[in-house]
Amino acid sequence: MSRRGITLYLHVHQPWRVRKYSIFDTAHEHDYFSDPDTNTDRNNEKVLKKVAEKSYRPMNALLLKLLETHPEFKVSLSITGTFLEQAQRWTPDVIESFQRLVHTGRVEIVAETYYHSLAFFYSREEFVRQVELHRAKIRELFGVETSVFRNTELAYNDELAKWADDYGFKGILAEGWDPVLEWRSPNHVYRPAGTENIALLLKNYRLSDDVAFRFSNKEWQQWPLSSDTYTSWANDSLGDNALVNLFMDYETFGEHQWADTGIFDFFEQFVGKWLSNSDNTFYTVSEAIETHKPAGELSMPRTVTWADTERDLTAWLGNNMQQEALRYLYNLESDILRTNDRQLIADWRSLQTSDHVYYMCTKWFTDGDVHAYFSPYDSPYDAFLYFMNALRDLRYRLHAHHGTGGLHG
Amino acid sequence: MACYHMSKALAIAGAEIDFVVPYQASHPDTEFMTVHGATPLTPLERYGLGAYDSDMLLGRHLKDADANDLTDMRGVQKSYIRFVEEFVADNHVDAIHAHDWLTMEAGMRAKELTDAPLIVHVHATEFDRSGENFGNPVVHEIEQQALMMADRIVAVSNITKSIIVQRYNIPADKVEVIHNAIDVDSFGPYQYDRETYRYLEELKREGYTIVGTVTRFTIQKGLTHFLKAAARASEKYDKFAFLLAGDGEQRNELMRLSAELGIADKVFFTGFVRGKQWRDAYSVSDIFVMSSVSEPFGLTALEAAHHDNALIITRQSGVGEVLNNIFRYEFWDIDTLADQMVGIATSRALAGELTANVKREYDRISWHDVAARCMALYARMKSGVTV
């Protein structure tokens, strides 16, 4: 009989935010990602250093302490390439602290696209190249191979599962969303419909979001949440099932929930309480899959994400600006790649990061719920404007390189 | 215009209103209130006096003005005050609601005579009207007195409130912000027929983007910055035409400037427009720019939104406080304005999203909400207003 386990998976990411890049910069300056204003949240160096101080350093210290204190404690991390590039440049000590975690042998790295992109939905070839780039980067920095895949924003469908199975991944992550699960529990391993070998792990969104979104919300009936209460919820949820999958943004710890909310103490105490019962353990994503047989087959023909109440891609692709921006960007693919210009290709790929189109989302503006708009830009229209000016500059550079073709506006 | 809609909504909310105007005219569609004409002037004679242009004032104090000389704005005001004095002697009033400097003195006088609470409603201060200049000291003095004497002040935006607090030294808690609204039903039936501005329609068929503004050509409106931005935008994208609908003291200067900037053939001056020409100016435009240096509110932006324009508005314009689906810029920042215009002109998606989303926003703003807040204000005033 396998032990009752928690699979804790944290997602580490920072995008290369586009600066206030105007049409007068287009065809003159190519530095889309370096806002000179050190006070703005468009300044990537400033944001990274701030989040390192509030989240990456204290949380990695806590994770290391927990790994040293509790032999049963384990955690899985996905770390995007755009984060690693920035951390290597501005906070190399943070890279080292992640390396120390991985070297314990109880921290697994999860695969994804290097650029945290939605390439799967636009270009399968580019998508695969970005998965490969990420695997290479992880190998270079951490010396490990990845075997479980997660797609950007946990955007998942049957086709993705089929691809991951064919590619050779042994596991894949998705949202445990009720309308898809119906009577089923997210606390089991499943076999994606139409696959041979791959296993599916589902996020228990209630327990995950209690920490990730509700922890510091004073309007919440359960506030303040104690580690005792949360441990009992995890026990209740588990019941006779195999495991509970807690998936959330790494930055929950210290950035989304600030240290003064008590999030670090809460987490440390919870790990201790959970493991004080000798029937309990933690699993890495690979272990969870190796330990548990699939309880059944599960099909998700339509794309499900971990975002918003809709759990779809509307926050990224819901309006015409977002669709236009990505269509134009992916249209450049073959012309960009055949330049073999490393900087040009990297800039094109950095613009694929899903955050860029997320900043163009208008649904909160139109609903009047502006406070739900998390963005370094004044409005979704500004985000689109700077993005398009940068995209035009890509076209200009292409034009200069190939000496052919028009600029198309 | 704002006073008309506000009074109508107030009447629906149950208020009895005596509305005193400084001229004689028939007033259709005003059965909800009693309109009193305080002078024998016609509206045209009265507006010829330049109430919005304090340069036409000779800087005289009211005691020097002749109430019988109605060719002079100060004379009209004096006669307006006399009318109000006689009116309050014969009638009971619960509250006095004075709008801007033209009626502030009458409001103060009425308060002296009746001890009814005085509400001063600020649609614009002399600082707004004079753009980057100081403005007329006599008008400043009238505003200062009235703001100090008022029991309560209503400002049409947070921008106006901050001017009242910072430049007239009025305590912030005495000032309430009630944004203006728009009553699209009052526009009447309308079908855009593409006739009035046929040349511009032809340009649109050739792929041009029409950038319009409908305004008075005064320094307050920041139109020289707008023209400079127009020239800057045209460097990057040549299919632009700029429609300046309206008239005012700056007209010749603006014409000269557009020639100097080399964009004279792209800039269209309509002169003063009203009725169909006025509405068609919005309808032919794709983008509406409010370039004001200081704009307490700016109803024209809501009118433009109603006519399917994408909006670009200075951060110095109050209407921006009630809209989210717009571009904003600092009035002096011509590069940003140019960038935003080029962005909209070169992306159908951006233009479409801005236009559709702001249209869903602006008609949530109603004069009935304005009236409800005014009524609540009257009810809170010290002498127990009965309505």
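General observations
- Across chain B, the mean sequence separation of Cα contacts (distance under 8 Å, 6 or more residues apart), normalised by length, yields a relative contact order of 16 percent.
- A P(r) calculated from all alpha carbon pairs of region A:1-101, with 5 Å bins opening at zero, reads 2, 11, 18, 19, 14, 11, 8, 6, 4, 2, 2, 1, 0, 0 percent.
- Long-range amide H partners of A:Val189 with built H, under 5 Å: A:Ala295
- Among A:Val285, A:Val51, A:Val244, the residue with the largest mean-square fluctuation in a Gaussian network model of chain A, with springs joining Cα atoms closer than 10 Å, is A:Val51.
- Residue-by-residue Karplus 3J(HN,Hα) for region B:173-182, coefficients 6.51, -1.76, 1.60, Hz, glycine and proline x: 6, 8, 10, 10, 9, 10, 5, 5, 9, 9
- Among the GluC sites (Glu not before Pro) found in region A:188-289, those both in a DSSP coil and sparsely packed, with 14 or fewer other Cβ atoms within 10 Å of their Cβ, are A:Glu196, A:Glu219.
- The Cα center of region A:283-345 and the Cα center of region B:337-352 differ in position by 28 Å.
- Residues with amide H under 5 Å from that of A:Thr281, placed H, sequence gap 5 or more: A:Arg4, A:Gly5, A:Ile6
- Average Cα contact separation per residue, chain A, under 8 Å, 6 or more apart, as relative contact order %: 23 percent
- Note, ³J(HN,Hα) from phi for region B:348-353, Karplus 6.51, -1.76, 1.60, rounded to Hz, x at Gly and Pro: 4, 5, 5, 4, x, 5
- Comparing Cα centroids, region A:16-52 and region B:156-184 end up 36 angstrom apart.
- Computed over region B:93-144, Kirkwood Rh from alpha-carbon pairs, angstrom: 11.6 Å
- Neighbour-count ranking [beta-carbon atoms within 10 angstrom, fewest first] of A:Phe73, B:Phe19, A:Phe247, B:Phe272: B:Phe272, B:Phe19, A:Phe73, A:Phe247
- Panel values: the protein assembly as shown, Kirkwood radius from alpha carbon pairs, Stokes-Einstein at 4 °C and 1.567 mPa s, translational diffusion coefficient 43 µm²/s.
- Long-range amide H partners of B:Tyr329 with built H, under 5 Å: B:Ile313, B:Thr314, B:Arg315
- Straight-distance crosslink candidates among lysines, where the alpha carbon sits under 16 Å from B:Lys236 and sequence neighbours closer than 8 are dropped: B:Lys228, B:Lys266
- Proxy reagent accessibility, fewest Cβ within 10 Å first, across B:Ser317, A:Ser334, B:Ser234, A:Ser34: A:Ser334, A:Ser34, B:Ser234, B:Ser317
- Counting neighbouring Cβ atoms within 10 Å and putting the fewest first, the residues B:His5, A:His399 line up as A:His399, B:His5.
- With the convex hull of its Cα atoms as the shape, region A:226-357 has an orientation-averaged projected area of 12.9 nm².
- Once each of the trypsin sites (Lys or Arg not before Pro) sitting in a DSSP loop with at most 13 other beta-carbon atoms within 10 Å is removed, chain A keeps A:1-217 as its longest stretch.
- Over the C-alpha trace of region B:185-362, radius of gyration and Dmax come out as 14.7, 42 angstrom.
- Beyond 17 Å, the tail of the calculated P(r) for region A:314-402 holds 48 percent of the Cα pairs.
- Aspartates and glutamates whose Cα lies under 17 Å from that of B:Lys221, excluding same-chain neighbours fewer than 8 positions away: B:Asp53, B:Asp55, B:Glu126, B:Asp128, B:Glu132, B:Asp247, B:Glu249, B:Glu253, B:Glu295, B:Glu303, B:Glu330, B:Asp333
- Rg and Dmax of region B:112-188, based on Cα coordinates, read 14.0, 42 Å.
- The eigenvalues of the Cα gyration tensor, multiplied by 5 and square-rooted, give chain B an equivalent ellipsoid with semi-axes of 38, 22, 20 Å from largest to smallest.
- Kirkwood-type radius of region A:4-298, with distances r between different C-alpha atoms, in Å: 20.1 Å
- Prolate/oblate/rounded label for region B:307-387 (Cα gyration tensor, a/c 1.5): oblate
- Nearest-ten-degree value, helix A:227-238 long axis tilted from longest Cα axis of chain A: 90 degrees
- Length-normalised contact order of region B:185-362 in % [C-alpha pairs under 8 Å, at least 6 apart]: 23 percent
- Karplus (6.51, -1.76, 1.60) ³J(HN,Hα), θ = phi - 60°, over region A:33-40, in Hz, Gly and Pro reported as x: 9, 10, 5, x, 7, 7, 9, 8
- Checking the Cα-Cα distances for A:Lys54/A:Lys273; B:Lys204/B:Lys359; A:Lys54/A:Lys293; A:Lys162/A:Lys293; A:Lys203/A:Lys273; A:Lys49/A:Lys170 against a 30 Å cut-off, the pairs over it are A:Lys54/A:Lys293; A:Lys49/A:Lys170.
Any read-out appearing in this document is the output of simple, stated calculations on the displayed coordinates, not a laboratory observation. Since this is a predicted model, take the numbers as computed values, not measurements. Every residue, glycine as well, gets a Cβ built from its backbone with ideal geometry; the counts of neighbours run over all protein chains shown.
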